[in-house]
Every structure is written in structure tokens, then in C-alpha cells.
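Worksheet: one structure, shown below.
None of the figures in this text is laboratory data; all of them are computed from the coordinates on show. Since the structure is predicted, the reported quantities are computational estimates derived from the model, not experimental observations. Note that each Cβ is placed from the backbone with ideal geometry, even for glycine, and that neighbours are counted across all protein chains shown.
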Amino acid sequence: MSVAVPDHHRLDHRAPLVLDTRELGRRPGALLRVQRDAPAPGGWAVGLTSVPADTELQLDLRLESVLDGVLVSGTVTAAIVGECGRCLEPFTDEVDADVQELFLYDASDADPNDDGVSVVLGDLIDIEPVLRDAVVLSLPLNPLCEDDCPGLCATCGERLDVDGPVHVHDVAVDPRWAALLERPEGQHLADPHNPSAGSAGGADEKEI
């Protein structure tokens with residue numbers, strides 16, 4: 001397996017999603033708690049939902065030194081915006097995503113079947129890719145502004161709850177039958193074989 005490991009000088013310890021593990025001292029069992037807010041990078045989105053760039057991510061993480069590296073676990077909370085999959089109205093919400101990732105001291109210790117490997121670069125770890133994967137996988141594929149959103153009217157395209165609990169339209173009448181509905185009650189269409197049969201009042205029948 002070929003593992004691409006970036007130069008550790010490319011990681012800036014001042015970056016909000018880069019963590020310094022020096023306090024752990026590479027002593028198995030050592031723990032470090034990280035609780036902070038950090039701005040979200042752009043591009044975290046799926047379908048109709050996204051995490052706006054620069055909105056605050058709430059991190060609650062635990063860094064644990066293990067034999068092969070640093071185990072990062074905890075949660076990240078992110079504000080999201082989106083478009084309702086039923087009524088297409090914009091909405092805001094938030095998601096909580098679980099995080100767990102092992103950052104190896106030596107990339108050569110990685111399982112050859114792993115597609116990607118997270119590594120400790122110097123004493124720094126970049127948690128942005130891990131957070132992105134966790135949050136994006138938590139975004140709803142069919143988001144709703146409300147759990148009971150009724151959606152849009154198939155006839156007029158308006159939200160079904162605009163007119164309150166009842167949203168109705170007049171029944172469309174086939175124009176071929178419109179003339180029948182407009183005739184006075186009791187009046188019938190003329191019989192083409194007996195024109196006088198359908199006339200108003202009718203003609204007196206003659207006795208034979």
C-alpha cells in the first residue's frame with residue numbers, strides 16, 4: 001500500500017482544526033480533553049443540506065495516547081441549512097456527529113486494506129477530514145422543515161398548510177359536460193331522432 005504523508009511543516013498549529021498532541025507525550029494511557037468552537041470549512045454538503053462556511057463547530061473530543069498513535073473520539077455539533085424536500089422552503093437545524101479515528105505515529109503500521117490513513121505529523125494532527133466525513137454522513141438525504149410537513153399542493157403548487165388544515169380546490173369539470181350543468185333543472189337535451197321530445201314543456205301527444 002502506498003500512503004501519501006504530507007510534510008508536517010504544512011500543518012499550522014494555529015489552525016483551528018489542527019491539534020497539538022505534545023501534552024500526551026506518547027505515553028500509552030495519557031488523556032487530553034479538547035472542548036472548543038472552530039469555524040467550519042466550506043464545502044460540507046450533501047443534496048439539499050449543507051454546513052455554512054465559517055459557522056461555529058462545537059467540538060467535544062478526547063485524545064488518548066495508545067501504543068500505535070493517538071485515538072481521537074467524541075462528538076461534533078454543526079449548524080446546518082437546507083431546503084425542505086417536501087415544500088422546498090428553507091430551514092435551519094443542527095446535527096450531532098460521533099467521531100472516532102486513530103492517528104498513527106507511523107503510517108507503515110496501517111492496514112494495507114485501508115483506503116486512507118490518518119497520521120500524527122510531528123506532534124500535530126489534522127482533524128478536519130475526520131470531522132468532515134462524520135458531519136457529512138450525518139446530513140439528512142431528504143431533509144424536512146418539520147417532521148409533519150404536508151408538502152406542496154399538486155394542483156396549485158402552494159404549501160398545503162397555507163390555508164390552514166383544509167386546502168381544497170373546485171373540482172375541474174370536463175368542458176364537454178359543462179353545458180349539461182348549466183341547463184335549468186328538468187330540462188333535457190333534445191333527442192336527435194325526436195326533436196320535440198327534449199323541448200321545454202314538451203308537445204302534447206296525440207291519441208291515435
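One quarter of the convex hull surface built on the alpha carbon atoms of the stretch 8-138 amounts to 8.7 nm², the projected area averaged over directions. For residue 119, nonlocal amide neighbours, meaning residues 5 or more places apart or on other chains whose placed amide H falls under 5 Å from its own, are 104.
Rounded to the nearest 0.05, what FRET efficiency is calculated for residue 34 and residue 147 with R0 set to 25 Å and r the Cβ-Cβ distance? Walk me through the numbers before you get to the answer.
On the way: r = 34 Å, r/R0 = 1.34.
The computed FRET efficiency comes out at 0.15.
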